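Participant: Let me begin by handing over the structure; questions about it come next.
The values are calculated or read from the model by the stated rules, or taken from the named source; none is laboratory data. From a predicted model like this one, the values you see are computed outputs, not experimental measurements. In this analysis, Cβ positions are derived from the backbone assuming ideal geometry, glycine residues included, and neighbour counts consider all displayed protein chains. To get the accessible areas, we keep the full protein, side chains included, count just its heavy atoms, and leave off ligands, DNA and RNA. Shrake-Rupley method; radii C 1.70, N 1.55, O 1.52, S 1.80 Å.
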Amino acid sequence: MLLLPFADGQRLSVEQALTQAHTLGDLRGNSTLETYSLYRFLAAILQAVYTPNGTELTELQARGHFDPARITAFCTQYPLAPATFGQVPDLEGKIKTVGYVLFGEPAGADSLFFRHQSADKAKTVCEQCVWTGLLSVTAWQTIGGQGLTASINGTPPLYFLPKADTLFETLVRCLVPDVPPCGGLWDRPIAFQFYKEVPYLHGLTFMPRRVRVLWQTGGAERCTRCGAPIHGPWAREMVHLKGEKYVGDQWRDPFVAYITREGRTYPLALRQPEPAYGAAILKGLGRVTHRPQLFALWPDQKAWRVFGAITNQAKWIDTFVTDIELTEEPTK
């Protein structure tokens, strides 16, 4: 069972978290990147559960909670087990450290990254940490060697998330109306394939890597990622290959702002090349031609949380999260 970590220390299943969302506060992963990825994952599930229109979104917001029967039906149909989630069964190929899906952990050429220790051979990573790492691949994957491509948004952009008092209030404002129903990561095969177009849910759960985790049992006491005791499977290595590659120019992420520049046929996602603060991001929004779609969908929402990563090509330098308060009416 996948367990979602919360800021208050609770760990709940997807079903528990969504049915109790109106009573819960912030999610909190092992890193800034994982935290945003958890919200994005739940937003994708709700998009599949509801496939909402504008009227239904208004009614859902007024109701103040998600429908337990619909949530339970989804979780029954898609158990989302950690041992198989986001992986390709029977995948054969080059074996790498599991650190390649744990952004912020030392791995390969980044052996001194963040934690300042070369720890590849000592990793004993629990299944919960592996699946939150795999979630991060969908939004944050950078380019790699040998043709390994980045996530659907390319070099990681700034991601804007509604900031609210409860998990429900945050997630309901992550929903986009009138999106045609389609499969997400939970019901499609992950293949080495080029895409010029992707449906919305596919884009939210895009997987630029194919992975098969090499699970082990026994011989490990604690997870080197989260420090929790290990009572089940754990991993140190995985098969790690090229996955889905986006080669189109029509994808627009509703959590992202875009800039149209002269001479380019499509807008570029807003990124932050240096350490960012709220004022700097607000200033950057003044230059964009397309603010995040969520701004227009929820014009009364003034408080936003912004997640970002600073990279140099494939190398990670830093990550950050900051809050902003919109002081003017957001525009499209």
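Participant: Counting only the heavy atoms of the protein chains, how much of residue 264 is accessible to a 1.4 Å probe, in Å² to the nearest 10?
Facilitator: 110 Å²
Participant: Probe of 1.4 angstrom, ligands and nucleic acids ignored: what's the accessible area per residue over segment 1-73, in square angstrom? Could you put the intermediate results ahead of the total?
Facilitator: On the way: 2870 Å² over 73 residues.
Heavy-atom SASA per residue in segment 1-73 reads 39 Å².
Participant: For a quick check of understanding: with a 1.4 angstrom probe and all protein chains in place, what accessible area in square angstrom does residue 200 have, to the nearest ten?
Facilitator: 30 Å²
Participant: Listed highest first by mean packing, meaning other Cβ atoms within 10 Å per residue, what order do 300-307, 174-181 come in?
Facilitator: Values: 300-307: 18.1, 174-181: 15.0.
The peptides rank, most packed first, as 300-307, 174-181.
Participant: Kirkwood hydrodynamic radius of segment 214-261 from all distinct Cα pairs, in Å?
Facilitator: 15.2 Å
Participant: Quote to one decimal, in nm, the extra length available between residue 8 and residue 63 on full extension: 0.36 nm per residue of separation minus the C-alpha distance between them.
Facilitator: Working: separation 55, 0.36 × 55 = 19.80 nm, distance 2.53 nm.
So the chain would gain 17.3 nm between residue 8 and residue 63.
Participant: Here's another thing I want to ask about it. Over segment 266-308, what percent of the accessible surface lies on carbon and sulfur atoms, probe 1.4 Å? If you can, show how the numbers build up before the last one.
Facilitator: Working: 1180 of 2040 Å².
Exposed carbon and sulfur together represent 58 percent of the surface.
Participant: Here is a further query. Restricting everything to alpha-carbon atoms, can you work out Rg to Rh for segment 229-287 with a Kirkwood hydrodynamic radius?
Facilitator: Numbers: Rg = 18.9 Å, Rh = 15.8 Å.
Ratio value, two decimals: 1.19.
Participant: Given that just one value was derived from the coordinates, which of [x] 0.96; [y] 1.01; [z] 0.94 is Rg/Rh (Cα atoms, Kirkwood Rh)?
Facilitator: It is the value labelled [z].
Participant: Please find the FRET efficiency linking residue 261 to residue 302, where r is the Cβ-Cβ separation and R0 is fixed at 22 Å, and quote it to the nearest 0.05.
Facilitator: 0.20
Participant: Also, quick follow-up: Rounded to a whole number, what is D in µm²/s for segment 140-183 from Stokes-Einstein with the Kirkwood radius over alpha-carbon pairs (37 °C, 0.692 mPa s)? Write out the running numbers ahead of the final one.
Facilitator: Working: Rh = 13.4 Å.
Reported coefficient: 245 µm²/s.
Participant: What distance in nm separates the two pseudo spin-label positions at residue 217 and residue 197, each 7 Å out from Cα along the beta-carbon direction?
Facilitator: So the two model labels end up 4.7 nm from each other.
Participant: So for segment 152-236, Kirkwood radius off the Cα pairs, Stokes-Einstein at 25 °C and 0.890 mPa s: how many µm² s⁻¹? Write down the numbers at each step before the final one.
Facilitator: Details: Rh = 16.9 Å.
Taking Rh from Cα pairs, D becomes 145 µm²/s.
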